[in-house]
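The values are calculated or read from the model by the stated rules, or taken from the named source; none is laboratory data. Please read these numbers as outputs of a predicted model, since none were measured by experiment. A quick note on method: Cβ atoms are made from the backbone with ideal geometry, for glycine too, and the neighbour counts reach across all protein chains shown. Just the protein is used for accessible areas: all its heavy atoms, side chains included, with ligands, DNA and RNA removed. Shrake-Rupley method; radii C 1.70, N 1.55, O 1.52, S 1.80 Å.
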Amino acid sequence: MTAAPANEVLPGSVALSGRAVNLVIDGHHILVDVSVDVAAGEFLAIIGPNGAGKTSLINVLSVATPPTSGKVHLHGRDVTGLPPHRVARSGLGRTFQTSNLFLGRSLLENARLAANGRDSRLRTGFRRVLKDDPVTERAREALDLVGLGRRPDRLASELSHGERRKLELAMVLAQGANVILLDEPMAGVSVDDVPELVELIRRVHREQGKTTVMVEHHMHVVLDLAERIGVMHHGAMIAIGPPDEIIANDVVQTAYMGEPL
Amino acid sequence: MTRSGALRYGAAGLLVVVLAVLPFVHRSVGGLLPGPINSPGSLQVLALMLVAAAAAITLDLMFGYTGLMSFGHSLYVGFGCYATVILSNNPKLGFALGVPLAMVLSVVVALVGNAAALRLTGIGFIMATLAMAQGFAIAVERGFLGSGGEVGVTFARGVLPDPLRGVLNTRNVYWLALALVVVVYVICALLVRTHVGHVWQGIRENPLRTKVIGYNVYAYQMAAATISCTLAAMCGVVFAIVMGGANPGIAGLHYSLAVVLMVVLGGRGVLWGAALGAVLYQFLNLRLPSLSSSDIVTGLPEILQIPLSQPNFLLGVAFILIILFMPGGLASIFTRLTRRATSKRAGEPRDDDGGVPATTREPNLVS
Amino acid sequence: MSTFLLIIISGLGLGSLYFLLAAGLSVIFGLMRVLSFAHGAFLSASGFASWMVLRSFETPSTPQLLLALVVSVLTGGAVAYLAEVLLVRPLKGKELEQLLVTVGLGMVLVALMAGIWGPDEHLIPRPVWLTDTTSIAGAPISNSRLLLIGLAGVVVVGIHLILSRTRYGLIIRAGVENSAMVSALGINVKRAFTLVFVAGGMLAGLGGGLAGTYYGGISPFLGDGMLIFSFIVLIIGGLGSINGALIASVVLGVSQSVANYYVLNGIGDVLVVVLLVATLLVRPQGLLGQKERLI
Amino acid sequence: MTAERVYGDAGPGLGGSILSVRDLHAYVGQSHILQGVSFATRPAQVTAILGRNGVGKTSTLRSVLGLMNHTGVIEFDGRQISSLETHEIIRLGLAYVPEDRDVFHGLTVAENLRLAERRGLAPDYDRVFELFPELRNRRGQRAGTMSGGQQQMLSLARALLHDNRLMLVDEPTKGLAPRLVSEFVATLEQITAHTSVLLVEQNLAVARRLADHVIVLSEGRVVLDGAAEDVLADDSSIRRLLGVAADHEEG
């Protein structure tokens, strides 16, 4: 990507962190004292049974949902309670469990909107959109990278499920995010498309050096990609560590399976 | 420029030229207009149709392109209209200072009004815009701030510049209205092709997503609404000149609904569609009453005469039918035809030409 | 002091009229997510229905007045029924289109009334006792105000009883939360939609009949003028909240009357809009509304 | 598991299936969620639909109930029901226990139950309160103020107020604490002794314990369909098709 990262990121520093995050909705304790640090350049996967609070955690970390208590830091800066668009501009991108696209617009236009988001200023915005302006170029590059560059004028609504996932990734890339949150990127993707998408996510993480947090149900996908795995259960982060450690962890086993029946 | 683009610009240019020479055409068109085309009466009807077209285009910018359904456009058109007349009538200001001052005040009103209304979304926004416009309408009907109550106010003697005054100069007024449409159309058409315009269309489709990729949705909505409402006030200025004054008819709920109706009739999200809908609406609205007193209608049984004498009855029915059966409005007929033609010609999907604006696409408003 | 009381009661009467429209609109919006722009026209049409009943009498008797009220309630219900079945239902799930179609219907009905009866106000004859006044704390209060306030009170109590005690009330309260789940319990939600829409029309009808006694006349445009104030009541009270609508109706009606009398005639109507803008800025969801309702 | 089961009320010939679905297609927006799902429940049994997130399990239930646009044939009790409205389908003798409980938060427990009463049929409150004594004590409490587990009880209780030919139960253990899961499964087991159930479940252990017949969905299609012991014995395919849950049962 030609886009320069929004913030200077030091390798090894903490890119994104949640501190003692609690989320209570309608009296339900959705997140219980969750603390998590994601190092710059790291790939963290979050697993846990349905309803464990994984998506809620993503929502809190991406500041879409303000936590009831606790803080979210992005590159060391407290971003709790900031409006989502400001945080997006500081280099945080996310995808959604069910694809969330501009369905009535072309692929290029989807990527373009994402590419333009960071340096959008009303002041410079009243310029005509051209075929070859830098923003459009960036959008094209992102589409090429995910393999959707061949027919960029198709409408997003014409895409298959797997392709929509790719377009979401392209948007995050075009956005120039350096921290990306993926909420079940494989949900609804056909089995045959999974390996390609896994490869794509790996490339994005490795070659583009994106700090990545992923919630995912496919265990083999998680084991394939993650450098660290966090396990959530009943809104709490009950274990976090390297994959082999997590696999061997008894607590994790019980939590995942419930008590033996 | 692509071939179809050149064709489109050519057609638009031709249309403007044709409209511009109408005041030289001395012909009657049946009973459609009050007299020969270049008679002052006919030219005034035509000028009002053009002003309506401009107003509809401005609403389409916020409704069709940004997804902000305003039921209060009469506030801005009406404010521009009244402010022009009242300020120009002030001897210290006169027309030359009154109009710019009216526009400045209109911008302020547009900023404040939209800042409040945009606190709500969806149906709440609709109701808020409507209610604020109604506040203005009441103020005007009660005659506050020198608005003259139910009769309205007219330009004082000698206030309007000579070329715009008097029956003989109606053609100048007509040209002014034509210029207004061209200016408003060009501004809006250019705007929707800018980066900001693309973001507006993104907001229309998916406001949440737009926010998440880094846009301040509220600011963009404010921009769209403020520009739209300011241009609407400009339409009000020209309306005041065409009518020689201001009256409560332009400030009320009815006018707000009329502009919405024009846009929906013509096709939301298509600027020329909105203009077409407006021309049609305004024509029927102005001419139906006199048509209904013609021999054709008076010969009909009474049960048919009543509805036919009420333009709003026919317009309302047309509106309902469009909503039920043709949500894309009149413009969707054309876009469907042209799409079929292009896909036949090309045989495969169009080449990308740099993110063409959505003018040719089906609008998708409520999600 | 007695003038003040007079103004207050007058304001309460006005608030009662707003409430009659707003209550129906509120329940309809809560359950069906439809904002009806046609209810003003329903009110006017019902007003004309009561005028048709009463116009032949010089001073109608109380039973004749009651008959007129019943006729106007039924008219409101009947028109609303046709509107729901023919126009609103086919557009199910399309909120904006449903709203627009009621706008169109409102236009058509008003135009039709103007075509048939002319645009001017028609005087509605009233029983003698209705034009009399009752002295309350020294203030001569018009009996038409008292009738209006009394009937609006009955409606308030009635709505609360229906919502809290009856099965239909249960269905409505549940449907406001999640109408799909209500149908998944084996309940015909479509019929509940129609019933609620018709009930809203009947309330507008009652408003139409009473507006005639309040203003002494009816015109095709009366309902639309009141509809806007009802919308303002809905926003200030909180969309979908009946109690909010009640409070806002009282506040608006009274402050409007007080300002119109004590400050400047007409300023009260503008004040209402100022209140609206203030509410939007301070508490966009309205007094008792829920935030997510508006998204 | 008990071998003899009886219908809540005398069903048709026990040999026929109470619900059969053929070539079911459904879309959510533009995505083709169900791509020709066909299956039939076995009489007097628990049929479990398994599969990963987003493969169309819930959509299948919602289509059966007419809560979702779909094409294809759905027969209940030998009768085509796909053109019926949701409430008409329910009145044929189905009950629905939705995902995420979906009790009415603003209504009390008693009101939630009263809403589920069906006209012309006597509600069996005794059975409900016997199964869930806690609900009796909380009759006046607003459902929204109860815990997830209590809401799940209420959701189930609504479905048990009348005898039904078939219960559609969507992820009943989702988001429940392990202790509650086992409790709940025990209750479900009691219930399934009397009624046919179509169960959507993510938790493989729950499915193993309750199901007689298993259907596995993948990408909007049925990929496995058979007796529970056969289908669930095939570890490799289950692991592939269900992803995480099977992985972990292994370890």
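What to note about this one:
- Charge-dipole axis of the protein assembly as shown as Lys and Arg at +1 and Asp and Glu at -1 on Cβ define it, positive-most pick from D:Q45, C:F221, D:A211: C:F221
- Here is what passes the span test in chain B: the DSSP H helices with alpha carbon length of 18 Å or more along the helix axis and a Kyte-Doolittle mean of 0.0 or above are B:3-21, B:40-63, B:73-89, B:94-117, B:122-141, B:170-191, B:217-243, B:253-266, B:271-292, B:311-325.
- For residues of A:211-221, the mean tally of beta carbons on other chains within 10 Å: 3
- DSSP-loop chymotrypsin sites (Phe, Trp or Tyr not before Pro) across region A:38-126, with at most 13 other Cβ within 10 angstrom: none
- Percent accessible area from carbon and sulfur atoms, region B:36-283, protein chains only, probe 1.4 Å: 71 percent
- Helical segments meeting 27 Å axial Cα length and Kyte-Doolittle -1.0 threshold in chain C (DSSP H): C:2-32, C:62-83, C:95-117, C:143-165, C:189-215, C:242-262
- Anchor C:K92: lysines whose Cα lies under 30 Å away (excluding residues fewer than 8 positions away in-chain): B:K211, C:K190, C:K291, D:K57
- Charged neighbours of A:G93, selected by a Cβ distance under 13 Å, balance to +4 (K, R count +1; D, E count -1).
- Antiparallel bridges, percent of DSSP beta bridges restricted to the protein assembly as shown (to nearest 5): 60 percent
- Evaluated over region B:244-323, the Cα radius of gyration and Dmax, each in Å: 14.1, 41
- Sorting the segments A:13-20, B:300-307, D:147-154 by their mean number of nearby beta carbons within 10 angstrom, highest to lowest, gives D:147-154, A:13-20, B:300-307.
- If R0 equals 35 Å, the separation of the Cβ atoms of B:A96 and C:V263 corresponds to a calculated FRET efficiency of about 0.45.
- Zero-based 10 Å bins, Cα pair distances in region D:58-147, whole percents: 14, 38, 32, 15, 1
- Packing rank of C:64-77, A:140-153, where each peptide gets the mean count of other beta carbons within 10 Å, highest leading: C:64-77, A:140-153
- For A:P185, the shell of other residues with beta-carbons less than 9 Å away shows a net charge of -3, using +1 for Lys and Arg and -1 for Asp and Glu.
- Global size of chain A as Cα Rg and Dmax, reported in angstrom: 18.3, 64
- Estimated at the nearest 10 Å², the accessible area of C:W117 is 70 Å² with a 1.4 Å probe.
- Magnitude of the charge dipole, the protein assembly as shown, Cβ model with Lys/Arg +1 and Asp/Glu -1, debye to 20: 3180 debye
- D (Stokes-Einstein, µm²/s), Kirkwood Cα radius, region D:16-173, 1.306 mPa s at 10 °C: 96 µm²/s
- Applying both filters, DSSP loop and at most 12 other Cβ atoms within 10 Å, to the trypsin sites (Lys or Arg not before Pro) of region B:1-98 gives B:R27, B:K92.
- Comparing B:G328, B:N216, B:A52 along the charge dipole axis of chain B, the residue lying farthest to the positive side is B:N216, per the Cβ-charge model.
- Quarter of the Cα convex hull surface for region C:62-218, i.e. its orientation-mean projected area (nm²): 11.9 nm²
- Value of D in µm² per second that Stokes-Einstein yields for the protein assembly as shown, Kirkwood Rh from Cα pairs, at 37 °C (0.692 mPa s): 100 µm²/s
- Packing here is the average count of other Cβ atoms within 10 Å per residue, and on that basis the peptides D:55-66, B:158-169, A:81-92, highest first, run D:55-66, A:81-92, B:158-169.
- Semi-axis lengths, Å, region B:36-283, gyration tensor of Cα atoms, sqrt of 5 times eigenvalues: 30, 20, 15
- Only protein heavy atoms count here, probed at 1.4 Å, and on that basis chains C and D bury about 1900 Å² of accessible area in total.
- One Cα centroid belongs to region C:1-77, the other to region D:100-136; the line between them spans 39 Å.
- Placing +1 on each Lys and Arg Cβ and -1 on each Asp and Glu Cβ, with no other charges, gives region C:24-226 a dipole about its Cα centre of roughly 700 debye.
- Cα gyration tensor, region B:158-312 - rounded (a/c under 1.5), prolate or oblate: oblate
- A Förster radius of 22 Å combined with the Cβ-Cβ distance from A:Q208 to A:R86 puts the calculated FRET efficiency at roughly 0.45.
- Lys/Arg +1, Asp/Glu -1 at C-beta; region B:36-283 dipole; positive extreme among B:G158, B:H195, B:I86: B:H195
- With a 10 Å cut-off around each Cβ of B:213-225, the average count of Cβ atoms from other chains is 6.
- In the full protein context, the protein assembly as shown carries 38 Å² of accessible surface per residue, based on a 1.4 Å probe and ignoring ligands, DNA and RNA.
- The share of alpha-carbon pairs in chain C lying farther apart than 27 Å comes to 40%.
- For region C:205-295, the convex hull spanned by the alpha carbon atoms encloses 108 Å³ per residue.
- Label-point separation, B:A156 to D:T145 (7 Å along Cα→Cβ), nm: 6.8 nm
- Neighbourhood net charge (12 Å Cβ-Cβ; Lys/Arg +1, Asp/Glu -1) for C:R167: +3
- Ordered from largest to smallest accessible area (heavy atoms of protein chains, 1.4 Å probe), the residues A:E158, A:E137, D:E171 come out as A:E158, A:E137, D:E171.
- Region C:240-269 and region C:169-213 have Cα centres lying 27 Å from one another.
- Student exercise, chain A dipole from Lys, Arg, Asp, Glu Cβ charges, in Debye to nearest 20: 1360 debye
- Inter-chain neighbour count for B:318-324: the average number of beta-carbon atoms from partner chains within 10 Å of each residue's beta-carbon is 6.
- Cα centroid of region D:184-239 to Cα centroid of region A:80-119, whole Å: 40 Å
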